[in-house]
1. Return the single residue from 161, 216, 124 with maximal mean-square fluctuation; model: Gaussian network over the chain, springs between Cα atoms under 10 Å.
2. Normalized C-alpha radius of gyration of the range 188-248, against 2.2 N^0.38 Å?
3. How do 51, 208 line up, fewest other C-beta atoms within 10 Å first?
4. Plugging the Kirkwood radius over Cα pairs into Stokes-Einstein for the chain, at a temperature of 10 °C and a viscosity of 1.306 mPa s, what D comes out in µm²/s?
5. Quick check: the angle from helix 195-212's long axis to the longest principal axis of the chain, C-alpha only, nearest 10 degrees?
6. Using amide H atoms built in the peptide plane, which far-off residues or other-chain residues are under 5 Å from residue 255 H to H?
7. How tilted is helix 56-69 with respect to the longest principal axis of the chain? Cα atoms for both, answer in degrees (0 to 90, nearest 10).
8. As a check on your grasp of the helix formula, calculate [θ] at 222 nm for the chain: sum -39500 (n - 2.57) over DSSP H runs of n ≥ 4, divide by the residue count, round to the nearest 500.
Amino acid sequence: MDEQELPPVDSADGAPDEAAEPTASQASEISEPAPLTSHGPARIISMVNQKGGVGKTTSTVSLGAALAGYGRRVLLVDSDPQGALSVALGVNAYELDLTVYNLLTDPQCHIGDVILSTGVEGLDLLPSNIDLSAAEVQLVSEVGREHALARALAPVVDEYDIVLIDCQPSLGLLTVNALTASQGVIIPMETEYFALRGVALLKDTIDKVISRLNPDLQIIGILATMYDPRTLHSREVLETVQRAFGDAVFETVIHRTVKFPDAAVAGEPITAFAPSSSGADAYRQLAREVLAR
Ligand SMILES: Nc1ncnc2c1ncn2[C@@H]1O[C@H](COP(=O)(O)OP(=O)(O)O)[C@@H](O)[C@H]1O
Ligand SMILES: [Mg+2]
C-alpha cells in the first residue's frame with residue numbers, strides 16, 4: 001500500500017494488536033437498551049456515502065429494523081430516486097401515488113399521507129421512486145432549498161425515536177437536504193482500499209454543511225461493511241481505517257454475506273429474513289452502539 005495516499009493517521013488509540021483483531025467483542029458487551037416508556041422527539045440520522053454499492057441502503061433497513069426490535073419507533077426515509085430502500089421493504093415503488101418527491105415539492109402534501117407502515121412493527125417508511133430525480137432540479141430555484149426535507153419531516157418528529165435517511169450516492173442537493181435535517185451521520189464504508197479517499201472527501205462536505213447550514217450535525221460513526229476476514233486486503237483496509245479514524249469507527253463490522261442480497265430480494269430486513277444469522281446479530285449490535293453514542 002502506498003502510505004502517501006492514505007488519510008492522516010491520528011495518534012492510535014489502543015494497541016496495534018487490538019486493531020489487528022477487528023472483532024466486535026467490546027460492542028457486543030454493550031447491554032440491551034432500556035425499553036422506552038414514551039416516544040420522540042426523533043434523532044435524525046443520515047446514512048451517507050457518495051459512492052454507490054457500499055451498503056447504505058442495506059444498513060438503513062437493517063439498522064432501522066434492529067432499532068425497532070429494541071422498541072424504538074423508527075421512520076426510514078428513502079432519499080434515493082433508485083427507490084432501493086422502498087423495494088428492500090417489499091414496496092412496489094412504481095405504483096406509488098405519493099412519495100418523498102411530493103413531500104419536497106408540494107407544500108400541500110401531508111407527510112401522514114406519504115408514510116407507509118412496513119411488515120416490521122414500529123418501522124415506517126417514506127418511500128421514493130424515480131420521480132424523486134426531478135426534485136433536485138425543481139428545488140434548485142427555491143428559497144431555502146436546503147431545508148425542504150427538514151421542513152417536511154418536522155410534523156412527525158415527535159412521533160418517532162429515530163429517523164434514518166437513506167441517501168443517494170452523490171453529494172448533491174438531496175444529500176445536502178438530508179444532512180441539513182439531521183443531527184447525526186453514519187458513513188457506511190466498503191472495506192476496500194479506494195474507499196478511504198472517498199471518506200476524506202465526504203468529511204469535507206459534512207464540514208461545509210456544519211459551518212454553513214447545520215452546526216448541530218455530528219458524525220456518529222463510520223461503519224465498515226462487506227468485510228471479508230479471509231482476505232489480507234480486507235483485514236489491511238480495516239486496520240488502516242481504524243488507525244486513521246480511531247473511535248469514529250464503529251466496533252461493529254459488517255461481514256460480506258449473501259444473506260443481505262437474499263433478504264433484499266425477499267423484501268425483508270435481515271432481522272426478519274434470517275433473525276439468527278450473524279448479519280442480523282451484527283446490525284442488532286450496531287443498533288446498541290448507535291443508541292449508546
Ligand atoms: N454485508 C454485505 N454482504 C454482501 N452483500 C451486501 C452487503 N451489504 C450490502 N450488500 C449487497 O450489495 C449491494 C449494494 O448494497 P446497498 O446497500 O444497496 O448499497 P448502497 O445503498 O450504498 O448503494 C446490494 O445488492 C446489497 O444486497
Ligand atoms: Mg442505496
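Bear in mind that the values in this text are calculations on the coordinates, not laboratory data. Just so it is clear, the model here is predicted, and its values are computed rather than measured. For neighbour counting, all protein chains shown are included, and Cβ atoms are generated from backbone atoms with ideal geometry for every residue, glycine included.
1. Answer for the Gaussian network model of the chain: 216.
2. Here the answer is 1.25, to two decimals.
3. Taking fewest neighbouring Cβ atoms as first place, the list is 208, 51.
4. Taking Rh from Cα pairs, D becomes 83 µm²/s.
5. Here the helix axis deviates by roughly 50 degrees.
6. 227
7. Relative to the chain, helix 56-69 is tipped by roughly 80 degrees.
8. -11500 deg cm²/dmol
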